[in-house]
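A.B. asks: Once you've had a glance at the structure underneath, I'll fire off some questions.
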Amino acid sequence: MKDFLKYTLATIVGIVLTSIIITVISIVSVAGMVASEGATGSVPKNSVLRIKLQGSIEERAGEGSPMDLLSQDEVVSIGLDQALEALKKAAANDRVKGIYLEGGVLAAVPAELQELRQGLLEFKESGKWIVAYGDTYTRGAYYLCSVADEVYLNPYGMIDWSGMSSQPIFYTGLMKKLGIKMQVFKVGTYKSAVEPFINTEMSEANREQVQSFLFSIWNNMLKDVAQSRGMTVEALNALADSATVLCDAKVYMENKFVDKLCYLSDVREALRQRLELEDDDDLTFTNLADVAASDDLGDKVDEEVAVYYAYGEINDARGTGFSQEHSITTKETLSELQKLRNDDDVKAVVIRVNSPGGSAYASEQIWHEIQLLRAEKPVVVSMGGMAASGGYYISCGANKIFAEPMTLTGSIGIFGMIPDASELLTQKLGLSFDVVKTNAMSDFGAMGRPFNATESAKMQSYINSGYELFTGRVAGGRGMAQDSVKAIAEGRVWTGEQALKIGLVDQLGNLDDAIKAAAELAELEKYTIGRYPSPTPWYMTLLDKESNEYLENKMRAALGEYYPAFALIQRIGKMNPVQARLPFDPNIK
């Protein structure tokens with residue numbers, strides 16, 4: 001009887017497990033078929049490229065998970081690389097007649113917006129039109145839509161044009177309640193990444209640098225919008241002071257923010273007229289993915305300019321940063337750069353850097369590999385949304401550096417943070433600690449006590465050495481005296497526009513400008529552009545134990561602006577204690 005029950009139970013368990021496996025495979029198969037119907041690369045005749053300005057802008061477009069397609073409430077993102085490629089092809093493709101921008105709630109780093117806006121302006125140079133409509137425009141969405149030939153707004157819609165602000169979150173009070181103190185070691189008056197853990201407000205030095213780069217970014221946006229809309233910078237600033245987000249929609253039209261107040265049905269009719277469609281003809285839309293996947297422009301040749309995308313935090317290994325988003329990790333990055341160095345078809349390399357920095361040790365290893373690459377072929381850096389601290393570290397040794405005017409860069413400094421949880425452990429939890437050791441430093445960093453004077457001095461000396469190395473790398477790469485580098489370092493953040501004036505970058509320009517410069521350095525007349533590394537197929541994430549992309553997206557959607565703080569607290573215990581990075585979250589609004 002016991003054997004009968006045992007075998008019966010085993011059979012039932014087997015049937016259940018098999019059913020679960022078959023169900024999962026079926027769902028993935030169906031979702032895969034749905035995904036295969038996404039980007040077909042086919043662009044219909046007489047079509048309009050529709051771009052939804054919602055969610056966020058990412059450096060690169062992923063292949064996408066079928067589960068994302070089946071879920072209706074996921075965070076939407078625009079891959080900047082895919083969008084720029086699509087705009088180029090749309091300008092040259094006779095099947096695409098114009099662009100329809102759908103304004104919405106769009107979050108992006110200012111320099112990413114600026115580069116996408118430049119792509120839209122270049123599209124207009126083809127003689128084709130752009131029409132924009134929205135129920136709501138955030139500042140970033142309106143900044144993009146201001147390039148349109150006609151900007152429409154719902155009669156009861158709104159535009160957020162209230163200027164910019166930075167509102168960092170400070171954790172000091174929370175940590176005090178928990179009985180935790182942060183032991184901080186840093187070099188650089190402006191190295192403000194540690195402030196959220198030791199202050200309750202911004203230091204004067206940090207306030208100074210934030211005000212400086214915020215006004216630099218805002219002035220660039222004002223200038224661009226004023227030029228596109230035929231307005232003055234003074235008028236735009238005055239409107240920002242009057243809380244435009246709360247005003248009557250008629251105010252936007254009276255002040256030239258929009259060309260017409262109307263409903264979506266009116267906009268569709270305006271598009272039909274531009275396409276000269278009959279009443280019974282339907283509008284045909286295409287998307288960024290399909291246009292980007294359409295036929296390549298030009299013939300392929302063997303000689304190649306490789307674009308290597310280095311974006312996200314710089315970490316020693318996967319899972320050791322402040323979030324689980326895409327990161328620059330030592331092992332993978334070194335391997336990819338070595339492949340490019342040994343590839344005889346690759347004649348020059350453009351490294352696209354979009355990073356707030358991270359591990360100082362990892363930054364040094366990547367810097368060294370880039371120097372080996374530069375010894376074999378030209379290396380040009382194109383800075384994206386930010387290339388600061390460790391992001392600047394890995395950039396400084398290139399032959400030439402390009403940045404957008406609104407790129408955040410610099411932040412040349414080093415810091416270390418070691419939590420002291422002795423009050424929590426001993427006074428709140430009642431734990432006691434003792435030690436037996438063979439040498440004076442055997443219990444360095446022991447639990448139950450803060451650093452003593454000798455340990456603190458050792459740690460600060462280590463940080464100082466890291467700063468000397470960092471500024472020395474910059475001095476060598478930029479052809480400057482180390483003292484001159486230190487004068488503009490101190491952890492201070494600069495915009496690309498400011499960095500050009502002090503010699504941290506060579507030229508203002510986008511990724512295309514950097515590619516052309518790399519080709520010139522390699523003396524190439526004809527070349528193919530290769531993009532590396534290849535995106536990871538969605539199904540590989542199912543086998544990746546360190547990937548929680550679906551849950552991350554859900555948390556990001558639920559927590560909104562508080563997600564970066566949550567991710568920081570979640571991951572801080574795994575970080576490298578010595579960091580070369582921006583403030584954890586510039587928190588620009």
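The values are calculated or read from the model by the stated rules, or taken from the named source; none is laboratory data. All values derive from a computational prediction rather than experimental measurement. Because the Cβ atoms are built from the backbone with ideal geometry, glycine has one as well, and the counts that use them run over all protein chains shown.
A.B. asks: Hey, any hits in region 147-161 for a residue that's of a type in the set (Ser, Thr, Tyr) and closer than 30 Å to Leu271 by Cβ?
C.D. replies: Among the residues of region 147-161, at least one is of a type in the set (Ser, Thr, Tyr) and closer than 30 Å to Leu271 by Cβ, which makes the answer yes.
A.B. asks: Is there any pair linking a residue in region 404-429 that is among the polar types (S, T, N, Q) to one that is part of a helix (DSSP H, G or I), with Cβ under 7 Å and at least six apart or on different chains, and which?
C.D. replies: Thr407/Ala111; Thr407/Gly496; Thr409/Tyr392; Thr409/Gly496; Thr409/Ala499; Ser411/Tyr392
Here's the yes/no breakdown for (1) in the same structural domain as Pro533 (by TED's automatic domain parsing); (2) acidic (Asp, Glu); (3) modelled with pLDDT of 90 or more; (4) out of contact with any Cys (no Cβ under 6 Å at 6 or more places or on another chain):
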| position | (1), (2), (3), (4) |
| --- | --- |
| Asp282 | no, yes, no, yes |
| Leu288 | no, no, yes, yes |
| Asp299 | no, yes, no, yes |
| Ala310 | yes, no, yes, yes |
| Asp316 | yes, yes, no, yes |
| Thr320 | yes, no, no, yes |
| His326 | yes, no, no, yes |
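A.B. asks: Taking region 338-365 on its own, how many of its residues are of a type in the set (Lys, Arg) and either outside the structural domain of Thr407 (by TED's automatic domain parsing) or closer than 25 Å to Gly466 by Cα (or both)? Give the steps one after another, and end with the answer.
C.D. replies: Step one: of region 338-365, the residues of a type in the set (Lys, Arg) are 339, 341, 347, 352.
Filter once more, so that each one left must be either outside the structural domain of Thr407 (by TED's automatic domain parsing) or closer than 25 Å to Gly466 by Cα (or both): 352.
Residues that pass the stated criteria total 1.
A.B. asks: Shifting gears a bit: Given the residues Ala398, Ala375, which is the only one that is crowded, with 24+ Cβ neighbours inside 10 Å and either out of contact with any helix residue (DSSP H, G or I) (no Cβ under 6 Å at 6 or more places or on another chain) or in a strand (DSSP E or B) (or both)?
C.D. replies: Answer to the selection: Ala398.
A.B. asks: Going by the structure shown, is Ala226 over 30 Å from Ile414 (Cα atoms), hydrophobic (A, V, I, L, M, F, W, C) and surrounded by 15 or more Cβ atoms within 10 Å (Cβ to Cβ)?
C.D. replies: Taking the combined requirement at face value, the residue satisfies it.
A.B. asks: Residue under question is Met221, and the condition is that it be aliphatic (A, V, I, L, M), assigned to a loop (DSSP other than H, G, I, E, B) and either loosely packed, with under 13 Cβ neighbours inside 10 Å or at pLDDT 90 or above (or both); does it hold?
C.D. replies: no
A.B. asks: Which of (1) loosely packed, with under 14 Cβ neighbours inside 10 Å; (2) among the β-branched types (Val, Ile, Thr); (3) touching a helix residue (DSSP H, G or I) at 6+ places or on another chain (Cβ under 7 Å) is the odd one out, the single condition Thr407 does not satisfy?
C.D. replies: (1)
A.B. asks: Checking Ser126 against (1) at pLDDT below 90; (2) assigned by TED's automatic domain parsing to the domain that holds Arg139; (3) hydroxyl-bearing (Ser, Thr, Tyr): exactly one of these is not met. Which one?
C.D. replies: Going through the list (1) at pLDDT below 90; (2) assigned by TED's automatic domain parsing to the domain that holds Arg139; (3) hydroxyl-bearing (Ser, Thr, Tyr), Ser126 breaks only (1).
A.B. asks: Turning to a different aspect of this structure: Can you report the number of residues in region 190-223 which are over 24 Å from the mean Cα position of the chain (by Cα) and of a type in the set (S, T, N, Q)?
C.D. replies: 3
Quick grid of which residues meet (1) modelled with pLDDT of 90 or more; (2) assigned to a helix (DSSP H, G or I); (3) in contact with a strand residue (DSSP E or B) (Cβ under 9 Å, 6 or more places away or on another chain); (4) crowded, with 16+ Cβ neighbours inside 10 Å:
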residue	(1), (2), (3), (4)
Glu112	yes, yes, yes, yes
Thr136	yes, no, yes, yes
Gly157	yes, no, yes, yes
Trp161	yes, no, yes, yes
Met164	yes, no, yes, no
Pro168	no, no, no, yes
Gly173	yes, yes, no, no
Val194	no, yes, yes, yes
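A.B. asks: Considering each of Lys339, Lys347 in turn, give the residue that is in a strand (DSSP E or B), over 28 Å from Gly445 (Cβ atoms) and among the basic types (Lys, Arg).
C.D. replies: So the residue among Lys339, Lys347 that is in a strand (DSSP E or B), over 28 Å from Gly445 (Cβ atoms) and among the basic types (Lys, Arg) is Lys347.
A.B. asks: Answer with yes or no whether Ala489 is surrounded by fewer than 19 Cβ atoms within 10 Å (Cβ to Cβ) and under 30 Å from Thr172 (Cβ atoms).
C.D. replies: No.
A.B. asks: For region 256-288, name all the residues that are part of a loop (DSSP other than H, G, I, E, B) and more than 33 Å from the chain's Cα centre (by Cα).
C.D. replies: Residues satisfying the conditions are Cys262, Tyr263, Glu276, Leu277, Glu278, Asp279, Asp280, Asp281, Asp282, Leu283.
A.B. asks: Checking Gly445 against (1) in contact (Cβ under 8 Å) with a residue 24 or more places away in the chain; (2) touching a helix residue (DSSP H, G or I) at 6+ places or on another chain (Cβ under 7 Å); (3) in a loop (DSSP other than H, G, I, E, B), which single condition isn't satisfied?
C.D. replies: Here Gly445 clears every test but (2).
A.B. asks: Which of the residues spanning region 196-205 are modelled with pLDDT of 90 or more and surrounded by 20 or more Cβ atoms within 10 Å (Cβ to Cβ)?
C.D. replies: Met202 - this is the single residue of region 196-205 that is modelled with pLDDT of 90 or more and surrounded by 20 or more Cβ atoms within 10 Å (Cβ to Cβ).
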